[in-house]
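Read the structure below first, then the notes.
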Amino acid sequence: MTADAPFSPASESADTAPLSRWRRFRLAVVTPQSIYGTLLVSAIIGAAAPDATDRDVLITTIGTVLVFWVAHVFAEAIAHYGTQKAIGLPMLVSLKHSLRSAAGLLYAALVPCVFLLLGALGIMDESLAYTISLWIPVFLLGALGWFAFADRGSVWWVRLLGSIVTGLLGLFVILLKITLH
């Protein structure tokens with residue numbers, strides 16, 4: 001692992017077998033940015049006014065996530081450009097690195113926003129779409145806990161316990177964000 005990319009495929013040792021498709025997907029999607037994005041999206045949806053339509057919540061969620069994404073891309077590009085690893089490389093390389101790194105913020109918004117869109121378009125009852133979009137991230141955080149423990153070779157009941165604890169901690173953080181904002 002490197003300080004620049006602690007969870008990237010490049011951090012795997014050179015003598016290991018090539019990464020499976022699942023492992024490459026996992027390393028691309030399960031990142032600190034996607035976890036933070038999941039918490040962020042949940043807090044945005046949870047903090048919506050009681051009379052807000054799914055369309056209103058969708059627009060607010062997309063707009064807020066895009067602002068955070070741009071800020072993260074900017075910060076990551078500048079920080080990466082200044083590292084020893086990037087000396088002699090053009091700024092474009094650091095920008096590409098930051099775009100890959102920040103993608104998790106966008107991935108985190110996809111599933112909840114799909115349900116909000118279904119509600120906004122009248123394909124699904126708005127109340128149901130809102131409820132699903134609010135609870136899906138808690139389920140996703142629980143799934144991330146399961147995968148984290150599975151990657152460490154834990155037995156099923158430790159994975160389940162890790163999943164429950166991760167989901168509950170995510171719910172706690174989401175409630176804190178809603179309460180404090």
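The values are calculated or read from the model by the stated rules, or taken from the named source; none is laboratory data. Computed from a predicted structure; not experimentally measured. Note that we place each Cβ from the backbone using ideal geometry, even for glycine, and neighbour counts take in every protein chain shown.
What to note about this one:
- Residue list for the range 149-181, filter: basic (K, R) and touching a helix residue (DSSP H, G or I) at 6+ places or on another chain (Cβ under 8 Å): R159, K177
- Test: residue in the range 80-99 that is charged (D, E, K, R), modelled with pLDDT of 90 or more, over 24 Å from F172 (Cα atoms) and surrounded by fewer than 17 Cβ atoms within 10 Å (Cβ to Cβ): no
- For the range 116-141, a residue qualifies if it is touching a residue at least 60 places away in the same chain (Cβ under 8 Å), out of contact with any Leu (no Cβ under 8 Å at 6 or more places or on another chain) and within 12 Å of I45 (Cα to Cα), and exactly one does: L134.
- Residue satisfying condition, being farther than 20 Å from L121 by Cα, out of contact with any helix residue (DSSP H, G or I) (no Cβ under 6 Å at 6 or more places or on another chain), in a helix (DSSP H, G or I) and modelled with pLDDT of 90 or more, within set A75, A71: A71
Yes or no, residue by residue, for (1) of a type in the set (A, V, I, L, M); (2) more than 28 Å from I178 (Cα to Cα):
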| position | (1), (2) |
| --- | --- |
| T64 | no, no |
| V67 | yes, no |
| A71 | yes, no |
| F74 | no, no |
| G82 | no, yes |
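- Put simply, of L144, L171, L180, L160 the only residue that is in contact (Cβ under 8 Å) with a residue 12 or more places away in the chain and over 22 Å from F25 (Cα atoms) is L171.
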